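Engineer: Have a look at this one before I ask anything.
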Amino acid sequence: MVSQENYMKFNDAVIGSVLLVFSILLLLHVQSFPSMPLSVYGPASFPRLLGIILGICSIVLIIRGIQDRKEVPLLEIGPWRKLPVRWRRMAMIPLTVIGYIYLAGFLGYVIYVFISLSLLLIDFNGGRWKFSLLSSGIFTVITYLVFVKLLLVPLPAGLLSGIL
Amino acid sequence: MNAFIDAIGLVARVDVLLTLTFSSFFGLFLGAIPGLTATMAVALLVPLTFFMDPVPAMGAVVGATAMAIFAGDIPGALLRIPGTPASAAYAEESYLLSQKGELEVALGTGVILSAFGGLFGAVVFIVASPLLAEVALLFSSFEYFWLTLMGLSSAVIISRGSNVRGAVSLALGLLMSTVGLDIAMGYPRFAFGNVDLAAGINILPALIGAFAIAEILRTVTTTDLKGREIKQDIGNLLKGVGKVFRKYKVNAIRSSLIGTFLGALPGSGATMATYMTFAIGKKFSKEKEKYGTGHIEGIVDSSAANNASVSGAWVPALVFGIPGDTLTAIVIGVLFMKGINPGPTIFMNTPEFVFAIFIMFVIANLLMIPFGIGAIKLSRHILAVPPKILYPMILMTTIVGTYAVHNSSFDLVVMLGVGILAYLMEENNFPVPPMVLGLLLGKLLENNFVGSIIKAQGSYSAFFARPISAVLGVITLTIWLSPVVLPILKWIFTTLKKRLFAQSREE
C-alpha cells in the first residue's frame, strides 16, 4: 500500500504449477488417513475436497498464465531488486524471528533483543550506532518491564538468570 | 436492566478506562503513520490482550480500531498519502481541499463525521445484535453450517482480485484449519509425528503474521523510510464543520447505513465501505463537477462510512461468531483464546459483557473528537517519526508478543510462515482476508457439517429440511452460482434491450 514500486510478481502459470504440485501431494497424502466405518465422511474428506478445489483453481491459473505469457514474465520484481540493501533488510526479518527461536533461550530475552534490535536499527539508520544502541536499550527495558513486571509473563532469562 | 448496570460497573474501572485511553492513543499514532494499518495496530495489541481480563481486552481493540481508522485521514489531507487503506478513497480530495487553504475543514469534518459514523454503527450494533441473537438461538448445526459457508463464500466473491484467487486463498486458510486432531475420529491430520502440529495451528500467531509481518516485509523494500515534514499550520478544526454537516446530513446518514451494512457483510470492511459510499455520493451529488477539485461531500460520505463499518462488523462477530471484517476476525481469535465462544449464548449467559462492549464503543467514539483533534494538532510530530526506527521495533514487538502468549517457538514459526505467505499472496493479487477467515472458521464449518450429517444419518437433503436452513442454503448456492449466472442474465438483458430498441426503431 505504501508504494507501487516494491512489487514482486510471478506469472500465474508459475503460481498455478506450484499449487498444482501441492494439491497432488495433498491428495496423495490424505489417502493415508483412516476412514470411518459405516460413514462416508472421515478425516480425509474435507482436506480431499479442498485439494480438489485447489487443483481446479491451479489449472485455471496455469491456463491464464500461459495466455498472458507475452505481457507477464515468469517473475517480475520492482526496481528495488537492484538494491542489495533492500534484499538484506528483507532477509533480516525472518532471520531475526529464527534467531529468537534458537538463541533467545540461551542468551535470554534482554541480551537477544538488545543485540538484534541494535543491529536492525544500525542497518536501517545508515550506521548511526550511538543512537541505535540507545533506542534499542530503551526499547528492551520498556518491553521487559511491561511483559515481566506488569503482565507477569516469564520471558527467557538466559545468561542473565539470577541477575534480573 | 440489571445487566446494563453490571456492565457500567465492568467498564467504570480504572484499568478498563486506562486501557481504552492508551489503546486509543496507540490507534491514533499507528493509523496516522502511512503503511501502518488499523488491522496491524490491533494485531500488535493481541499479545497484550491475552494477559488482560475480557472486558479491558475488548476495550483495547475497540479503542485502537476506531481511532486508527479515523487517523488514516490525517496524512491523507496533509500529504496526499492515506494513513490506512480505509482512507485511500478520499485522500486526493482531502489533499486538494488542504491545498485550497481548507485543511481545517477537511480534517475537522473527518473527525466529526468519523465519530458520527462510529456512533451510528454502534447504535445499530446495540439495537440489532440482541434481536439477531434471539433468532440465532433457534439455529442448529444445519443453519450454522450454511451461515459459515455463506460468510466464507461472500468473502471470496467480495474480495479484491478474481474469484479464482479468492478461492485459492480461502482453500489455503481452510486447509490450515484442518491441521491437528480431526473431529470425526480424533486423527492427527498433517501432524507428521510433530506434537505442535497435532495440536493445530493457533489463530493469533497466524493473524499477527498475516497483518504485521507481511506489512513489515512489504515496507522494508520501499524507498522511503524517512520521517515526513509537515509545514502547514493547523487552526480551528471545528469552524465550519456544523455548516458542512447540515448541508450533507443526508449523505452522512446514508453512508453510515451503507457502511454499517458493509461492515457486517463478511469479507468487506472499512476500505470497501469508503470506495462504495464515495462513488454513491458522487452519483447522487448535485455538485458532481466539484469532485476532483477538493470537494467536502466525498469526505463526509467516506469518513462516516469507514467508522460505521468498524462498528457494524461486530454484529455478525458477536451474534454468530462470523467476523464481518479482518479486525473482528482478530476479536474472535482473542475471544476464543479467553475461552469465550461468540454466539447467541453470550447474549443470554453474560449480557453484561455484551453491554460493556456497547458502552465502550460509545465512549471510544465520543473520545474520538477530543483525541482526534489532539492528534491532528500533534500530527507534525507523529508524522516526523521515521519508519526506519519504527519498523525494527514493531518487528521485535511482534516476536516478543507472539512468543510470550504460550512461550512457544512453534507460534513464531506459524507467525513467520503465514507472514511470508501473506506477503507473497498480496504481491500477486491474492486477497488475504479469505485465508484468514478460512483459518478462523474452518473448524466451525467442518464440526457443524459433521454434527449435521450424523444427525441426518448421512442424508444430504436434511440440509434443506428446516426452513431457515433451506433459505440460507439457497442464498449460499446462489452466491456460488453468481459468477456464472450474472453474466448470463446480463447477456439476456442486453440482447433483449437491443432487440426491443431495434423493434421500436422499425416501428
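The values are calculated or read from the model by the stated rules, or taken from the named source; none is laboratory data. None of the values given here were measured: they were computed from a predicted structure. Please note: Cβ atoms are built from the backbone with ideal geometry, for glycine as well, and neighbour counts cover all protein chains shown. Note: areas computed on protein heavy atoms with side chains; ligands, DNA, RNA excluded. Shrake-Rupley method; radii C 1.70, N 1.55, O 1.52, S 1.80 Å.
Engineer: Can you go through B:Gly186, B:Gly200, B:Gly166, B:Gly151 and tell me which one is out of contact with any strand residue (DSSP E or B) (no Cβ under 9 Å at 6 or more places or on another chain), over 30 Å from B:Val471 (Cα atoms) and not hydroxyl-bearing (Ser, Thr, Tyr)? Explain how you work it out, then say what you get.
Structural biologist: Details: B:Gly200 fails: out of contact with any strand residue (DSSP E or B) (no Cβ under 9 Å at 6 or more places or on another chain); B:Gly166 fails: over 30 Å from B:Val471 (Cα atoms); B:Gly151 fails: over 30 Å from B:Val471 (Cα atoms).
After applying the criteria, what remains is B:Gly186.
Table: residues versus (1) out of contact with any Pro (no Cβ under 9 Å at 6 or more places or on another chain); (2) crowded, with 18+ Cβ neighbours inside 10 Å.
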position	(1), (2)
B:Gly186	no, no
B:Ala198	no, no
B:Asn202	yes, yes
B:Leu207	yes, yes
B:Ala212	yes, yes
B:Gly235	yes, no
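Residue by residue, here is whether (1) away from chain A (no Cβ under 14 Å); (2) under 22 Å from B:Ser311 (Cα atoms); (3) among the β-branched types (Val, Ile, Thr) holds:
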| site | (1), (2), (3) |
| --- | --- |
| B:Tyr95 | yes, no, no |
| B:Ser98 | yes, no, no |
| B:Glu104 | yes, no, no |
| B:Thr109 | yes, yes, yes |
| B:Gly118 | yes, yes, no |
| B:Pro130 | yes, yes, no |
| B:Ala133 | yes, yes, no |
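Engineer: Scan (1) open to solvent by 30 Å² or more (accessible area, probe 1.4 Å); (2) small (Gly, Ala, Ser); (3) within 12 Å of chain A (Cβ to nearest Cβ) for the single condition B:Ala465 breaks and write down its number.
Structural biologist: It fails just one condition, (3).
Engineer: Where in the stretch A:26-144 are there helices (runs of 4 or more DSSP H), lying fully within it, with 1 or more residues that are farther than 30 Å from A:Leu155 by Cα, free of Cβ contacts under 8 Å to residues at least 40 places away in the same chain and among the polar types (S, T, N, Q)?
Structural biologist: Those helices (runs of 4 or more DSSP H) span A:45-67.
For every residue, the table says whether it meets (1) open to solvent by less than 30 Å² (accessible area, probe 1.4 Å); (2) at pLDDT 95 or above.
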residue: A:Met8; (1), (2): yes, no
residue: A:Ala13; (1), (2): yes, no
residue: A:Val18; (1), (2): no, yes
residue: A:Met36; (1), (2): no, no
residue: A:Ile66; (1), (2): no, no
residue: A:Leu74; (1), (2): no, no
residue: A:Ile101; (1), (2): no, no
residue: A:Tyr109; (1), (2): yes, no
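Engineer: Restricting the search to the stretch B:330-343, which residues are more than 18 Å from B:Phe145 (Cα to Cα) and either free of Cβ contacts under 8 Å to residues at least 60 places away in the same chain or assigned to a helix (DSSP H, G or I) (or both)? Walk me through it before giving the result.
Structural biologist: Let us first name the residues in the stretch B:330-343 that are more than 18 Å from B:Phe145 (Cα to Cα), namely B:330-331, B:333-340.
Hits for the stretch B:330-343 are B:Ile330, B:Val331, B:Gly333, B:Val334, B:Leu335, B:Phe336, B:Met337, B:Gly339.
Engineer: Does B:Ile492 meet the test of being over 30 Å from A:Val72 (Cα atoms), within 26 Å of the chain's Cα centre (by Cα) and away from chain A (no Cβ under 14 Å)?
Structural biologist: No, not satisfied.
Engineer: Is it the case that A:Leu54 is more than 9 Å from every other protein chain (Cβ to nearest Cβ) and either within 21 Å of the chain's Cα centre (by Cα) or modelled with pLDDT of 90 or more (or both)?
Structural biologist: It is false that A:Leu54 is more than 9 Å from every other protein chain (Cβ to nearest Cβ) and either within 21 Å of the chain's Cα centre (by Cα) or modelled with pLDDT of 90 or more (or both).
Engineer: Would you confirm whether or not the stretch B:283-302 contains a residue that is open to solvent by less than 10 Å² (accessible area, probe 1.4 Å), among the hydroxyl-bearing types (Ser, Thr, Tyr) and in contact (Cβ under 8 Å) with a residue 24 or more places away in the chain?
Structural biologist: yes
Engineer: Counting just the residues of the stretch B:363-414 that are open to solvent by 10 Å² or more (accessible area, probe 1.4 Å) and aromatic (Phe, Trp, Tyr), which one comes out farthest from the other protein chains (Cβ to nearest Cβ)?
Structural biologist: B:Phe371
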